[in-house]
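Okay, so here's the structure we're looking at.
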Amino acid sequence: MITALSPTDLVLQFMKLMEALDYDAGLKLVSDSCEYTNPPPLGTVRGPAGIRAVLEPFFAPTRENDFQILRAAASGPVVLLERLDRHLFGDKWVELPVTGVYEVHDGKITYWRDYFDAATIMSQLPAA
């Protein structure tokens with residue numbers, strides 16, 4: 001008998017796949033109508049293709065990613081993750097504190113919103 005993942009376990013699995021930049025496997029856990037929102041200027045996109053269009057260019061120059069889950073909480077289908085997202089650009093680690101809100105229905109992420117201070121990461125990025 002196959003048991004469905006809990007919303008928290010599904011989101012944690014998703015984050016592990018995204019940390020490894022395994023877009024094909026990770027985005028299978030996202031519904032076609034998923035709404036993904038980041039702070040301005042990034043805004044909101046929808047579905048796996050929209051998420052990939054935002055994340056792939058950002059992560060392209062990273063050599064490694066390390067998503068540290070500091071705290072997780074859930075209430076029914078809603079999952080909250082407090083994270084420290086670490087990205088290796090060249091030989092420099094860039095760290096960004098993030099709080100993510102996810103909603104899971106029928107085994108897929110249907111809502112994902114990340115809260116962070118964009119200036120925090122922009123001030124750490126290497127010069128282009």
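So the values come out like this:
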{"read-out": "Elements of type helices (runs of 4 or more DSSP H) in the range 1-109, at least 2 residues being among the small types (Gly, Ala, Ser)", "value": "23-26, 47-59"}
{"read-out": "Of residues in the range 3-27 being β-branched (Val, Ile, Thr) and touching a residue at least 24 places away in the same chain (Cβ under 8 Å), the one farthest from Ala74 (Cα to Cα)", "value": "Val11"}
{"read-out": "Matching residues in the range 38-78 - criterion: being within 20 Å of Gly107 (Cβ to Cβ), basic (Lys, Arg) and over 13 Å from the mean Cα position of the chain (by Cα)", "value": "Arg46"}
{"read-out": "Sole exception among (1) small (Gly, Ala, Ser); (2) under 22 Å from Asp66 (Cβ atoms); (3) surrounded by fewer than 14 Cβ atoms within 10 Å (Cβ to Cβ) for Gly100, by number", "value": "(3)"}
{"read-out": "Conditions (1) among the basic types (Lys, Arg); (2) free of Cβ contacts under 8 Å to residues at least 60 places away in the same chain; (3) closer than 17 Å to Val54 by Cα; number of the one not met by Arg113", "value": "(2)"}
{"read-out": "Qualifying residue in the range 93-108 (condition: at pLDDT 95 or above, over 21 Å from Leu12 (Cα atoms) and not basic (Lys, Arg))", "value": "no"}
{"read-out": "Some residue of the range 60-74 being out of contact with any strand residue (DSSP E or B) (no Cβ under 7 Å at 6 or more places or on another chain), under 24 Å from Ala119 (Cα atoms) and exposed (fewer than 14 other Cβ atoms within 10 Å of the Cβ)", "value": "yes"}
{"read-out": "Test result for Asp9, in contact with a Pro (Cβ under 9 Å, 6 or more places away or on another chain), among the charged types (D, E, K, R), farther than 23 Å from His87 by Cβ and modelled with pLDDT of 95 or more", "value": "no"}
{"read-out": "Pairs, first at pLDDT below 90 in the range 81-92, second in a strand (DSSP E or B), C-beta under 8 Å, six or more apart", "value": "Phe89/Thr62; Phe89/Arg63; Gly90/Arg63"}
{"read-out": "Count - residues of the range 87-116 that are touching a Leu at 6+ places or on another chain (Cβ under 8 Å) and of a type outside the set (Phe, Trp, Tyr)", "value": "13"}
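Quick grid of which residues meet (1) under 22 Å from Leu5 (Cβ atoms); (2) hydrophobic (A, V, I, L, M, F, W, C):
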residue	(1), (2)
Met15	yes, yes
Tyr23	yes, no
Leu27	yes, yes
Pro41	no, no
Leu55	yes, yes
Val79	yes, yes
Tyr102	yes, no
Lys108	yes, no
Phe116	no, yes
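The values are calculated or read from the model by the stated rules, or taken from the named source; none is laboratory data. From a predicted model like this one, the values you see are computed outputs, not experimental measurements. So basically every Cβ, Gly included, is an ideal-geometry build from the backbone, and we count neighbours across all protein chains shown.
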